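Worksheet: one structure, shown below.
The values are calculated or read from the model by the stated rules, or taken from the named source; none is laboratory data. These figures come from a predicted structure and were not determined experimentally. A quick note on method: Cβ atoms are made from the backbone with ideal geometry, for glycine too, and the neighbour counts reach across all protein chains shown.
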Amino acid sequence: MEATQHAQLLRNPLLDAPPRADKTSHRRRRRRVLTILCSVIVLASVVAIILVRNQREEGRSKEKTETTSSFRERSSVPRGVYEGVSAKSNVVSENVSYNWTNAMFSWQRTAFHFQPQRNWMNDPDGPLYHMGWYHLFYQYNPDSAVWGNITWGHAVSRDLIHWLYLPLAMVPDRPFDINGVWTGSATMLPDGKIMMLYTGDTDKKVQVQNLAHPANLSDPLLLDWIKYARNPVLVPPTNIAPKDFRDPSTAWIGLDGRWRVTIGAKINKTGFALVYTTTDFIHFKKNAHHLHSVPGTGMWECVDFYPVSINGSKGLPTSVNGPGVKHVLKASIDDTKVDHYALGTYFVENDTWVPDNPKEDVGIGLRVDYGRYYASKSFYDPVKERRVLWGWINETDTENDDLKKGWASVQTIPREVTFDKKTGTNILQRPVEEIESLRLRGSEFEGIVLKPGSVLPLNISSATQLDIIAEFEIEPLGSEEIDEDSVGCGGGAIDRIALGPFGLLTIADDTLSELTPIFFRLSNSSHQNSTAFFCADETRSSKAPEVKKTVYGAEVPVLSDEKLSMRVLVDHSIIESFGQGGRRVITSRVYPTEAIYGAARLFLFNNATAINIKASLKIWELNSAFIRPFPFDQSL
Amino acid sequence: MRSFSFASVLSYSTSSFQVLHLLLVASLLFRPTHQSSDLGTTSKGDFIDQICRKTPFYDLCMATLHSNPLTPKPDLKGAALVMVNNLLANASDTLNYIEGLIKQTSDQQLEQALAFCAESYIPIVKYILPQAADAVSQGRFGFASYCVSDAAKEISNCDKKFSGSGQNKSLLEDRNGILQKLVGVAAAIMKLLLKG
């Protein structure tokens, strides 16, 4: 396994959802238990809130905390799990919460990442391009900053960066989706029609697939949507449980002219991608073979399946196949809340897919992103001929924090996905080029040499909205080649070895009381093809105790003709870090209390013991994207 | 390749056709403003005069609105439609011109800048202005107004990016400049429409 994850500071025993009860029986008992547990949760929350208030008044009382936390531990379960989706909340055992000010909370809002004005968001849905506008839909709770009452939010943009909010596209108002209009995908038909397949949670809490389409295709904004009157179009097959059947993908067309759709499911602990064929998106036939499955990976959510060109540099429409094409199969793994993918070959004759490397199959190999990231979904942009990828970034602070500040979650900057021709074993992701339209002042730093154990402030005026491109070379101090075993990310940036860590200190204050290092750690100093560890260290990102602070990282191949390089987008409480041209990506969430507004700084650092580093950087301050409601009534 | 298929549909102007185009554009710009009595209908002339006074480029506005017949009853909506369609015609022409320049140049930097401008103009011509015209006809003035400001942004992007040197720069500069003025007039008329 390449990824290293060392959860720091806080125990999170509830992040792994408890094993689901046997669903096929004991429903009535479960409902009673559910009611009791719900009241217990409410009671526990009330107790918790009262206790937190008391703590602030009287000073910390450890005994009370421990009693309450174990009580909460026993009774509360992350949001979403009972409804039959992956856990959507951090339920942290400690009730000690930082004394946040409004200024600190306001600072956390991002400037150029998509997020609604308030409340909860999760999975991106049905991304598409229509008549000059990119559309994004998203799981949205119009009533609260926690998951629930899920509707489809809607926004449009000319350039994937400057978004305008539109009215809700779909709300849960039919028996076939009354308990939630869940995740879905768009299929663009050759004749211009748009078919939207989405999962509905029915009045009986069964996961079904529904069809919707735009009310008016000549409306560039696609404001209104019509749900097919005789939904659902797909119900769980007999061998799949009613809560294990969701997130239909974009369809692709096969040799017989029928459309194929894949839907995630599970049987026991094996994750599945099922295949259904259709001509009209109303009548479906289930394939005898599934697209693929991997034992031990559990439920596959948000399955995504798309071709990449292994020779060219452009994206491919979803139905393309043939020589010179590989297929990416991606699944969001419910049990670990990680997005995994693998490259492989699609056999159109029987709609099956085989990974190039079975040891790195879906769910056990590469991750789409090695940080806080889930429920990603791609679409084909016909204008710029590229494959664009969205990803949902949940908060890593607590539900309480989210309720206080009134919002939760952001989307990544959309990423262009291409095949990595140099390694042949992974995809490359990079932020869409339109992000460059946000660039304001640029600073360039050439050939800065840093000795071991040094930190250098970079003289830029503001450090909370940045686009940083950095290249590093190492200069060994001794004459011998250093070669260590796989070194990982260690305990973070304070963990020194001969060849690392070195990189950037983002969202740091002058005294480095808070900082988020993004860095490399090498295992050997030769110029051969080698690997390095690319890491993001959140352990000292914030003084707030209740925030989840992880060291994220991945081993990344570095070819002999390549310098070490990273691109980092800093946007207040989100940092997206792209290593080696996007060969590995890490998304982090940070909630500093000091390193905010004018106090935030950017540093270069070298904490290795046996090498100097030489760094060259280009740093741009980025403007806000001014994401706001569509100005229907005002002139600009 | 969808992004440039639109361009390939547009025929490339021969040099004489280009001259004709330029003359056409020029004639729209440099026609002397009519006295209201010349039109024969005092009220119409007054109406156009009133509108154009509220735009940043009076002469340009007068020239455009006079040279395009307004629907039987001269009204603000009709004037807006004329402006948007005129904008569209000029933008299409400029896109055509840019495509032509791309074919002719061997300077890589210049070609890159021109390609960027083409990419700014293609959505204007293909989506933004046609949708603005539709929206005006349907009374969706807010949407139309937004589209017009979108078009302004794209034209401005092209203008900023285009830092090539030589005579070509000045030619594109002029065209961009005229378009930006036309957009300014259109935007002002949109504002009037939204005020009701």
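For A:Q580, all conditions in the list (1) farther than 26 Å from A:W107 by Cβ; (2) within 14 Å of chain B (Cβ to nearest Cβ) hold save one; what is the number of the exception?
Condition (2) is where A:Q580 drops out.
Take the residues of region A:157-171 that are surrounded by 19 or more Cβ atoms within 10 Å (Cβ to Cβ) and away from every other protein chain (no Cβ under 14 Å): which is nearest to A:P631 (Cα to Cα)?
A:A169
Of the residues A:H135, A:H113, A:H154, A:H130, which single one is within 21 Å of the chain's Cα centre (by Cα) and within 14 Å of chain B (Cβ to nearest Cβ)?
Working: A:H113 fails: within 14 Å of chain B (Cβ to nearest Cβ); A:H154 fails: within 14 Å of chain B (Cβ to nearest Cβ); A:H130 fails: within 21 Å of the chain's Cα centre (by Cα).
Exactly one residue qualifies, and that residue is A:H135.
Return only the number of the condition from (1) under 23 Å from A:K405 (Cα atoms); (2) in contact (Cβ under 8 Å) with a residue 40 or more places away in the chain; (3) part of a strand (DSSP E or B); (4) away from chain B (no Cβ under 14 Å) that A:Y140 does not satisfy.
Of everything listed in (1) under 23 Å from A:K405 (Cα atoms); (2) in contact (Cβ under 8 Å) with a residue 40 or more places away in the chain; (3) part of a strand (DSSP E or B); (4) away from chain B (no Cβ under 14 Å), A:Y140 misses just condition (2).
Of everything in region A:361-386 that's hydrophobic (A, V, I, L, M, F, W, C) and away from every other protein chain (no Cβ under 14 Å), which residue is farthest from A:P431 (Cα to Cα)?
A:I364
Being at pLDDT below 95 and out of contact with any Leu (no Cβ under 9 Å at 6 or more places or on another chain) is the requirement here; does A:G312 meet it? Steps first, answer last, please.
Values: at pLDDT below 95: yes; out of contact with any Leu (no Cβ under 9 Å at 6 or more places or on another chain): yes.
Against the criterion (at pLDDT below 95 and out of contact with any Leu (no Cβ under 9 Å at 6 or more places or on another chain)), A:G312 qualifies.
Give the residue, chosen from A:L403, A:L389, that is assigned to a strand (DSSP E or B), more than 14 Å from chain B (Cβ to nearest Cβ) and at pLDDT 95 or above.
None of the other options fit; the residue is A:L389.
In region A:143-151, is there at least one residue being surrounded by fewer than 24 Cβ atoms within 10 Å (Cβ to Cβ) and not in a loop (DSSP other than H, G, I, E, B)?
Looking for residues that are surrounded by fewer than 24 Cβ atoms within 10 Å (Cβ to Cβ) and not in a loop (DSSP other than H, G, I, E, B), one finds at least one in region A:143-151, hence yes.
Right, A:E301: surrounded by 23 or more Cβ atoms within 10 Å (Cβ to Cβ) and charged (D, E, K, R) or not?
Answer is yes for this residue.
Is there any pair with a first residue in region B:133-161 that is at the interface with chain A (Cβ under 8 Å from one of its Cβ atoms) and over 18 Å from B:A89 (Cβ atoms) and a second that is among the basic types (K, R) and in a helix (DSSP H, G or I) whose Cβ atoms are under 8 Å apart and which are 6 or more apart or on different chains, and what are they?
Listed pairs, sorted by first residue: B:S145/B:K191.
If I go through region A:285-343 residue by residue, how many of them are over 21 Å from A:I586 (Cβ atoms), touching a residue at least 40 places away in the same chain (Cβ under 8 Å) and among the hydroxyl-bearing types (S, T, Y)?
6
Which ones in region B:97-125 are crowded, with 18+ Cβ neighbours inside 10 Å and within 14 Å of chain A (Cβ to nearest Cβ)?
Within region B:97-125, B:A118, B:E119, B:S120, B:Y121, B:I122, B:P123, B:I124, B:V125 qualify.
Since B:T94 meets every condition but one in (1) out of contact with any strand residue (DSSP E or B) (no Cβ under 9 Å at 6 or more places or on another chain); (2) under 28 Å from B:L192 (Cα atoms); (3) within 14 Å of another protein chain (Cβ to nearest Cβ); (4) part of a helix (DSSP H, G or I), which condition does it not meet?
The failed condition is (3).
Just the residues that are over 16 Å from B:K181 (Cβ atoms) and in a loop (DSSP other than H, G, I, E, B), please, taken from region B:50-76.
B:N68, B:P69, B:L70, B:T71, B:P72, B:K73, B:P74, B:D75
May I ask you to list the residues in region A:238-253 that are hydrophobic (A, V, I, L, M, F, W, C) and either in contact with a helix residue (DSSP H, G or I) (Cβ under 6 Å, 6 or more places away or on another chain) or crowded, with 24+ Cβ neighbours inside 10 Å (or both)? Before you say what the answer is, go through the steps one by one.
Taking region A:238-253 and keeping what is hydrophobic (A, V, I, L, M, F, W, C), we get A:240-241, A:245, A:251-253.
If the condition is that a residue be hydrophobic (A, V, I, L, M, F, W, C) and either in contact with a helix residue (DSSP H, G or I) (Cβ under 6 Å, 6 or more places away or on another chain) or crowded, with 24+ Cβ neighbours inside 10 Å (or both), then A:F245, A:A251 are the ones that fit.
Of the residues A:A608, A:A554, A:A625, A:A595, which is within 13 Å of A:F520 (Cα to Cα) and either more than 20 Å from the chain's Cα centre (by Cα) or within 14 Å of chain B (Cβ to nearest Cβ) (or both)?
Step by step, each of A:A608, A:A554, A:A625, A:A595 is checked, and only A:A608 is within 13 Å of A:F520 (Cα to Cα) and either more than 20 Å from the chain's Cα centre (by Cα) or within 14 Å of chain B (Cβ to nearest Cβ) (or both).
I need a count of the residues in region A:254-276 that are at negative phi and either surrounded by fewer than 19 Cβ atoms within 10 Å (Cβ to Cβ) or touching a helix residue (DSSP H, G or I) at 6+ places or on another chain (Cβ under 8 Å) (or both).
Qualifying residue count, region A:254-276: 7.
Do we have A:P172 as assigned to a loop (DSSP other than H, G, I, E, B) and touching a helix residue (DSSP H, G or I) at 6+ places or on another chain (Cβ under 6 Å) here?
no
Identify all residues within region A:240-282 that are assigned to a strand (DSSP E or B), closer than 13 Å to A:S319 by Cβ and small (G, A, S); write none if there are none.
none
Collect the residues in region A:439-480 that are among the β-branched types (V, I, T), modelled with pLDDT of 95 or more and assigned to a strand (DSSP E or B), keeping them in residue-number order.
Listed by number, the residues that qualify are A:I448, A:V449, A:V455, A:I468, A:I469.
Hey, can you tell me all the residues within region A:141-184 that are on the phi < 0 side of the Ramachandran plot and polar (S, T, N, Q)?
A:N141, A:S144, A:T151, A:S157, A:N179, A:T183
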